[in-house]
Amino acid sequence: LVPGDVVVVQNDWVVPCDLVILRGSAVCDESGLTGESMPVRKTSLPDEDKTPFDPSSKCSKHCLFAGTRVLQSGTGAIEEPPVEAVVVTTGIHTSKGQLVSQILFPSQM
């Protein structure tokens with residue numbers, strides 16, 4: 001996977017990279033990153049927003065983060081189109097990669 005690839009989000013999937021949802025919604029378990037025990041609902045970017053997506057902005061309600069698990073993809077309705085997301089970052093540049101990097105190489109105080 002490389003940034004810009006469009007992927008279909010599946011149920012019970014461990015997300016391999018940071019993604020932003022283009023269509024549909026998902027419920028995720030982010031406890032591996034945040035410690036939060038409650039699942040979190042993620043929604044697609046608004047269609048009416050014409051500003052370019054900025055991955056450094058605080059848009060966590062639209063993003064699936066590397067290392068999290070998708071518990072439910074979509075609403076479960078019959079004939080629902082698949083949930084699609086675009087790859088934003090991979091490897092050490094993901095949220096999980098940055099967390100691991102900060103643990104392994106802490107900044108000097």
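The values are calculated or read from the model by the stated rules, or taken from the named source; none is laboratory data. If you're wondering where the values come from, they're calculated on a predicted model, not measured in any experiment. Heads up, the Cβs are rebuilt from the backbone with ideal geometry, glycines too, and the neighbour counts pull from every protein chain shown. The accessibility values were calculated without ligands, DNA or RNA, using every heavy atom of the protein model including side chains. Shrake-Rupley method; radii C 1.70, N 1.55, O 1.52, S 1.80 Å.
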(Q) Using each residue's phi in region 37-45, evaluate 6.51 cos²θ - 1.76 cosθ + 1.60 at θ = phi - 60° and report the 3J(HN,Hα) Karplus result to the nearest Hz, with x for Gly and Pro. (A) 7, 8, x, 10, 8, 10, 10, 6, 4
Q) What ranking, highest mean first, results for peptides 1-8, 38-45 when packing means the other Cβ atoms within 10 Å averaged over each residue? A) 38-45, 1-8
(Q) Quick one: 3J(HN,Hα) in Hz for region 65-76, Karplus 6.51/-1.76/1.60 with θ = phi - 60°, rounded, Gly and Pro as x. (A) 9, 4, x, 8, 10, 7, 7, 9, 9, x, 9, x
Q) Ignoring ligands, DNA and RNA, what percent of the accessible area of the chain is carbon or sulfur (1.4 Å)? A) 57 percent
Q | Label point distance in nm, GLN108-LEU33, each placed 7 Å from Cα along Cα→Cβ | A | 3.1 nm
**Q.** Chain lengthening between ASP54 and VAL100 when straightened (0.36 nm per residue, less Cα-Cα)
**A.** 14.3 nm
Q.
Test of understanding: what is the full-extension gain from ASN11 to ILE92, defined as 0.36 nm times their sequence separation minus their Cα-Cα distance?
A. 26.7 nm
Q) What's the long-distance tail for the chain, i.e. % of Cα pairs beyond 16 Å? A) 58 percent
**Q.** Kirkwood Rh (inverse of mean 1/r, distinct Cα pairs), region 48-100, angstrom
**A.** 13.4 Å
(Q) Give me, ordered by chain and number, the residues 5 or more places off GLN72 or on other chains with an amide H under 5 Å from its own placed amide H. (A) ASP12, VAL27
Q | Contact order normalised by residue count of the chain, Cα under 8 Å, 6+ apart, percent | A | 43 percent
